[in-house]
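For reference, the structure is listed below as structure tokens.
The values are calculated or read from the model by the stated rules, or taken from the named source; none is laboratory data. Just so we're clear, the structure is a prediction, and the values are computed from it rather than from any experiment. Cβ sites come from the backbone with ideal geometry, for glycine too, and all protein chains shown count toward neighbours.
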């Protein structure tokens, strides 16, 4: 599912509330049947093991190599021996086609590579739900398209549900089977991408007009 | 004109005062959280050791050089004064006591604050604004435990070690200053220092650096962990942490000196 909306309308806040990085002002949020706001620390951590989050900046740990970044959640949350851990690390690196980057530091990676490693780190715990905060922001159109295709590929390969916040219509067209549009904290439209793009609604027409031009340009 | 200037001065002063007390309250609550989380598993011993080595190695050269110069200069300053009172024989002892009780611990702590507190503030601040701390949290790892507790423990335990090293280097500096003006062997010098410096001088002097080390780690971590407003916030966390840590070290030194004199009255 893709979440669209103007800047500052609460898309990223929605994602952060889902994983309780932020507390909602009011209301309740249920993930896998559990009220996220009322979970104790231990239950919240258990729930978070089933969730992955790709940050806009990828948020790789600068002081750790790619291998250490990937091993970090495994060492502290799973009882795996070194060979099992190596297997998982190599598996996710192969999935994002960056096996050669294993001993590099984040500062040695390009923007697209950082996103891929961030994605690898998010899926290494085999989450059921993946949250993506603007996964293609700051990337050139070709890399953005590659990342979008990779998200779809991993979604199918690991059988994950994905919620993607994005402004990028091409990314949304590749990934999403369903989309919602947020405005001032409320869902104002929902449906599949083509329905929303071809809608006669003035807000949607304004919202998607520039995006359609950009997307056609890329295609 | 003058009234409006006074008004704006008072407003700015009030805001700064409010910020200062807010920071102190925040530091107190952060400190309580540290004592709550320090006993919770996992202990991250390897991470503490790693920070101790990193911070120790980073500070070792600068505190060594400073210690040597302080020992040299304080002896050069005191030598003519002691000569004036005919008490040259007491020079090694009095310099030794000054270095062990006060100069060694405080100078080391202040340099450590400048080097380490700002580094921790900048590192954690940068992790906060680039969402690395959030990433740690969503991966099921307690960032406070992993980033803050380990750093505070490392600074608390490495500063006393650095202080002992600085005291030793400062005494070497002091001996060189003595040798420049009078004939004295290293054995005799050390003998005079050991004769003069009592248990009540050495233990409180080094012990208070545990508190200073804790302050350095706490202030840097607090300001970095709560950094806001992008790179500007990182810079502010870095510079403010040096100022606050240095100020708190001097305030706590005053309190601890009074406390140690009360606990070890024979040293007076």
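Selection within segment A:1-59: residues that are more than 14 Å from chain B (Cβ to nearest Cβ) and part of a strand (DSSP E or B). The member of this set that is surrounded by the most Cβ atoms within 10 Å (Cβ to Cβ) is A:4. Residues of segment A:118-134 that are in a helix (DSSP H, G or I) and within 12 Å of another protein chain (Cβ to nearest Cβ): A:118, A:121, A:122, A:123.
The number of residues in segment A:152-191 that are at pLDDT below 85 and in a loop (DSSP other than H, G, I, E, B) comes to 7. Set side by side, the residues B:91, B:124, B:159, B:153 differ, and just one is within 14 Å of chain A (Cβ to nearest Cβ), in contact with a helix residue (DSSP H, G or I) (Cβ under 6 Å, 6 or more places away or on another chain), in contact (Cβ under 8 Å) with a residue 40 or more places away in the chain and buried (at least 23 other Cβ atoms within 10 Å of the Cβ), which is B:124.
What are the pairs, 6+ residues apart or on separate chains, where a residue within segment A:65-85 that is more than 12 Å from every other protein chain (Cβ to nearest Cβ) has its Cβ under 6 Å from a residue that is in a helix (DSSP H, G or I)? Taking only residues 6 or more apart or on different chains, the pairs are A:66/A:101; A:66/A:117; A:80/A:74; A:85/A:71; A:85/A:74.
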